[in-house]
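The structure appears below as structure tokens.
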Amino acid sequence: MPVPAAAATLLDDQLQLDPGQLVERLLAAALQAGAVVVGDTRVQRVRQRGDGVHLQVSHGGDEGRVSAGRVLLATGAPVVDRRMHFARVTAQRSYIVAFDTAAAPETMALSGGGPSRSFRSAEVDGRRILLVGGAGHETGRGRAENRRVDELRAWTSEHWPDAVELGAWSAQDYTTTDHLPLVGSLGGASPGVHLATGFNKWGLTSGVAAALSFTGDVLGVPEPWADDLYGRRARLRDVPALAGIQVGVALGGAAAAAGLAAPVETSGRRAVGEDCRLLPVCTHLGGPLRWNPHEGSYDCPLHGSRFDRDGQVLEGPATRPLRRLPARD
């Protein structure tokens, strides 16, 4: 091990891959099979009527409608609130920094305790580089995001003194109270609307399993393991964990509200534009937003919605941009 460890568990036959290449191959296969793929389009509303499921969407400033027999919402926090799924998941942000080093490891490793750290290598233009990840936290809460990334840099410098930073980025994942994904039909008045979320940072495997389950339902050949995994009912022992999520939501909102003084000037560091100001209040359920200096975004500590410097939605469950107020004289 290139870092000190009191003990370690070794897992044989692990698979290391480039998720970007995986997505490209899946996209190519979908197009070859006749699928139509549309990007830069936001789903704003989902309704089921007798003749199917109807989605109100926006694309490049234009609005339209898409209809289908079934719809799968694989959007992190579901944009449909009717079964309160946003209250059953917690949004988590984590970070990765890429480095050039002469000692890029051959192993993939994940710490068993805190603070969370992981490392692996990757191949870029024929050379191996080091990827260091961790510093996870609930979205919009706790220490400033740039301080967390600096902690990853300091930890890397300690164990790889020759490391030269190549880039840094982040991800947002969703965890559930029982650490199992939420996958399946909304049921009730919306049996044709399905969701898949709460992968607990294991999307490469849990996302594939959710896709297999949804495909089996559509084709009328359900997977034999799907009901055991996804068909669980609410349990009494889950109540404390669910209550803990709501307490965290309340505390996160209170902390953000304490620092909320006034609309943000768009001509300043935190936003762009000259003729308007942004009201830093989430358009989902009114949560006070916190500025994220590492991403240059406004983050909601309640349910993880994020907005860019101009107030446009980066991540749901919010579907509408931030309100704009007239500029002061």
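The values are calculated or read from the model by the stated rules, or taken from the named source; none is laboratory data. Owing to the predicted nature of the structure, the values given are computational and were not obtained by experimental measurement. No Cβ is skipped: glycine too gets one built from the backbone with ideal geometry, and neighbour counts run over all protein chains shown. Remember, those area values only see protein heavy atoms, side chains included, never the ligands or the DNA or RNA. Shrake-Rupley method; radii C 1.70, N 1.55, O 1.52, S 1.80 Å.
Points to keep in mind about this one:
- Considering residues of the range 23-54 that are touching a residue at least 24 places away in the same chain (Cβ under 8 Å) and at negative phi only, the residue most open to solvent (accessible area, probe 1.4 Å): 45
- Among the residues here, residue 71 qualifies as under 15 Å from residue 197 (Cα atoms) and at pLDDT 90 or above.
- The one condition from (1) within 30 Å of residue 162 (Cβ to Cβ); (2) modelled with pLDDT of 90 or more that residue 66 does not meet is (1).
- Residue 175 falls short of the stated requirement of being of a type in the set (Ser, Thr, Tyr) and open to solvent by less than 10 Å² (accessible area, probe 1.4 Å).
- Exclusive hit being outside any strand (DSSP E or B), in contact with a strand residue (DSSP E or B) (Cβ under 9 Å, 6 or more places away or on another chain), among the charged types (D, E, K, R) and buried (at least 19 other Cβ atoms within 10 Å of the Cβ), set 141, 153: 141
- Residues within the range 76-106 that are open to solvent by less than 50 Å² (accessible area, probe 1.4 Å) and assigned to a loop (DSSP other than H, G, I, E, B), tallied: 8
- Tally, over the range 109-123, of residues that are open to solvent by less than 60 Å² (accessible area, probe 1.4 Å) and either assigned to a loop (DSSP other than H, G, I, E, B) or of a type outside the set (Lys, Arg) (or both): 8
- Every condition in (1) within 30 Å of residue 48 (Cβ to Cβ); (2) within 15 Å of the chain's Cα centre (by Cα); (3) among the polar types (S, T, N, Q) is met by residue 170 except one, and the failing one is (1).
- The range 280-329 - residue that is among the charged types (D, E, K, R) and in a loop (DSSP other than H, G, I, E, B) and, of those, modelled with the lowest pLDDT: 329
- The lone exception for residue 166 - which of (1) surrounded by fewer than 17 Cβ atoms within 10 Å (Cβ to Cβ); (2) at pLDDT below 95 it fails: (2)
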